[in-house]
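These notes concern the structure reproduced below.
The values are calculated or read from the model by the stated rules, or taken from the named source; none is laboratory data. It should be emphasised that the depicted structure is a prediction, and the values quoted were computed from it without experimental measurement. Here Cβ is always computed from backbone atoms with ideal geometry, including for glycine, and neighbour counts include all displayed protein chains. For the accessible areas, the whole protein counts, side chains as well, though only heavy atoms, and no ligand, DNA or RNA atoms are used. Shrake-Rupley method; radii C 1.70, N 1.55, O 1.52, S 1.80 Å.
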Amino acid sequence: MVRAVARGGAALVMMLSGVACTLGAPDALADPGATVYMFGSCYDPSQPLLEQPERVVYGCDSTSVMENMTWSSWGADGARGTGTDNAVACQPNCAQGPHLYNPIVVHAWNPVAGAPGCPDNAAFFTDFTVAYPAGVPPWVVPGTTWGPGVQYTYVDGMPAVHFFDQKPYSCTPLS
């Protein structure tokens, strides 16, 4: 189930720079006072707060997208889900690169309040991993890093990307 709160905020997840954000269609409105847990570095307060999204965009340029996500848990203790990663191999460039589709296992944890100006009831997962049980994008090489906030590792024996220190940069509308 996806919950939305009218107070606003969709987020996108930026894989290549380690920014996390979320998009998805709301299924039900949450109690306005209840804490809403979500991915969030590219948080857009003009959008509703969403939980358990079916779609999570990595990279505000949409070069990687978690699709068809099904969440087995979601809340203060974290989130666990499975789905498909739709990543763009940016060769010769991101606009012309082929899409790579791989099954994924996602774990998110360590939710914290957002920056000043974020809704009081929003908590953003500051850590999450995207693990690949079968097939993996060629740039995911455990033991290396992409840049600040992104580390390639293993999770339960699977090659994975660990995103850390993920918080909204701002709660000012993106548009």
Relative contact order of the stretch 120-175, pairs being alpha-carbon contacts under 8 Å that are 6 or more residues apart, as %: 38 percent
Gain upon complete extension [His99, Ala76; 0.36 nm per residue less C-alpha separation]: 4.9 nm
If you roll a 1.4 Å probe over the heavy atoms of the protein chains, what accessible area per residue do you get for the stretch 98-162, in Å²? 45 Å²
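Carbon and sulfur: what percent of the stretch 94-142's accessible surface (1.4 Å probe)?
Values: 1270 of 2090 Å².
In the stretch 94-142, the share of accessible area belonging to carbon and sulfur is 61 percent.
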Excluding ligands and nucleic acids, what accessible area in Å² is computed for Glu54 using a 1.4 Å probe, to the nearest 10? 120 Å²
Here, Thr172 and Thr144, labelled 7 Å along Cα→Cβ, have an inter-label distance in nm of 3.6 nm
Sequence-distant residues sharing a close amide H with Val65 (under 5 Å, placed H): Tyr58, Asn86, Ala87
Judged on accessible area alone, 1.4 Å probe, highest first, Cys90, Cys118 line up as Cys90, Cys118
